[in-house]
1. 5 Å is the cut-off here: which amide hydrogens, built 1.01 Å from N in the peptide plane, fall below it relative to A361, excluding neighbours closer than 5 in sequence?
2. Starting with the highest mean, order 141-154, 338-351 by the number of other Cβ atoms within 10 Å, averaged over the residues of each peptide.
3. Quickly work out the R148-to-H7 label distance, labels modelled 7 Å from Cα along the C-beta direction, and quote it in nm with one decimal.
4. Restrict the search to region 206-293; then list the GluC sites (Glu not before Pro) that DSSP places in a loop and that have at most 14 other Cβ atoms within 10 Å of their Cβ.
5. Give me the net charge of F165's neighbourhood, meaning all other residues with Cβ under 13 Å from the Cβ of F165; Lys, Arg count +1, Asp, Glu -1.
6. Give the dimensionless ratio obtained when the Cα radius of gyration of region 237-321 is divided by 2.2 N^0.38 Å.
7. Check which residues have an amide H placed less than 5 Å from S376's amide H, if you skip close sequence neighbours.
8. From the cross-link list K22/K242; K370/K392; K242/K392; K160/K242; K338/K370, which pairs have alpha carbons spaced over 29 Å apart?
Amino acid sequence: MTNMTTHRQQDLLTLADRVLLKNYRQQPVVMERGSGVHLWDSGGRRYLDMTAGISVCCLGHGHPALTAALVEQAGRLLHTSNLYFIEQQIQAARAITERCFGERVFFGNSGAEANEAALKLARRYQHEVARQPSRNTIVSTLGSFHGRSFATVSITGQEKYRTGFGPMFGPVEFVPYDDLDAAAAVLRRGDVCAFIVEPMQAEGGLLVPSAGYLAGLRELTRETGALLIFDEVQTGIGRTGKWFGHQHDGVEPDVMTLAKALGGGVPIGAMVASEEAARGLSFIEGGAVPHASTFGGNPFACASANAVIQTIEKEGLIEHTAQVGEYLGTRLAEVAAKYAPHAVGTRGRGFLRGLVLDRPAGPTVAACRKNGLLVSVAGGVVVRFAPALIAKREHIDEAIGILQSVLGQVLASEP
C-alpha cells in the first residue's frame, strides 16, 4: 500500500464525512474493486469477503457470466417502464416460477418494495376477493426484519428500528418467533389479513425455526383465512442450500418476497404469488392500476436476474452451497467449542451461518476487518458469515483461521 493510495482513501473518507447523510455506521474503508470472493479497498488492501454485500453478491465479484449479460443488455436496452411488456422480465418471472410454488410475479427494486407489494396484495385480497374488509391486521414476529420503508419498518419486530418514526402503519401485531400457540391465538381472532414470517430470521440472529413451525403456520392460515407470506429476501436464491429457504420444510406460502441475491448486485426485488393470492393485485376494468413501479423489472435488472439464476443452475451452486455450507457449520462449531463459554454456539443453514458470542459481536467483526476478513453482525451477538455461493473450502479455512486469531485477541482483551 503506497502513500498515494493511503492518501486517496483518506481523502475520500474526509469527503464522505462532508457530503453524505450520516445515517450509516460504515467501517472506515472505501471499496474499489472485487474479484471472486475478494475485495480491494482504495488503499490497495485485499479482503476475504464473507459478507457478499449482505447476502447479495451470490456469484461473487466480477463473475464473467453476469458481467457479460450486463454489458450486452446495457448496450441493447436499459429501460422502457411497465407501459410495455419486457422480454427479460417475462423470462425472469418464468425462471422464478419454474423453481417454486408461485405462478405470478411482480418486480420492484428492493426487498422493502417486495414486502410493500405483499402487504398491499394481502389487504386488497381480503377487501376485493374475500370480501372481508375488516380483516386488516398484519401479524409479524418479534426479532424480524422486513425493511426500512414506513410499512415494512412498522412490521419489523425490533423496536430499535421504529424509534422516532411514529405513528406507525397499522394495525400490526407481533408474536414470538417459532411459537405456534401464540400465532394461533392471534390468527383465530378473525381479524388477521396476513401473517408474514422469515423461514429463518436473518437480521434477528440467524434463527432457524423448529421442525413443524412453518407447516403449522400454513395450517393455521388456511384454517383462518389469512394469507401466509414468507419473506425470503435474505434466504432466497440458494443462500440456505435450497432455491428458497422454506423448501427445507416442504411448505408452500401464498406469497413470497425476494431481493438481494436475485440480481447478484443489481437492485431488484420480486413478489411471487399463487394464482389465487395474485387476484389481490389484479387490475379491475374501470379502476386504477392497483400497484406499480417505474423501474421495477426493467430490462437491465431482469437480465441480471436471468443470468444469476442460469449461472447458479449451470454451475451447480445450490448443491455446492449445501455441501460447503455444512463444512462452514462444522468449522464454526469447532471454533465455538474452542472458545466456550464466550462462544455460545452456532446457528444457520447453507451459506448463512454464524458464531454466537456471549457479548456484542461488533468488536470481533471490526477486528476481523483489520485482519483482512469481512464478516458482519446479526442479532447483536452473532458473527455472521454469508459468503458468495462460489466460496470454496479453502476460503472457509482461511476465514476460520483469521476468526480464531481474532477471537484469541478480542476475548483476552475484553472482560
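Read-outs: derived from the displayed coordinates by stated rules, not from any lab. The structure presented is a predicted model; accordingly, all values stated were derived computationally and were not measured. With ideal geometry, Cβ positions are generated from the backbone for all residues, glycine too; neighbour counts draw on all protein chains shown.
1. Placed amide hydrogens put V381, V382 under 5 Å from A361.
2. Averaged packing, sorted descending, gives the order 141-154, 338-351.
3. 3.4
4. The qualifying sites are E285.
5. With Lys, Arg at +1 and Asp, Glu at -1, the net is +2.
6. Against the compact-globule rule of thumb, the ratio is 1.27.
7. Under 5 Å from the amide H of S376 lie the amide H atoms of R384, each far enough along the sequence or on another chain.
8. Long pairs (Cα-Cα over 29 Å): K22/K242; K160/K242.
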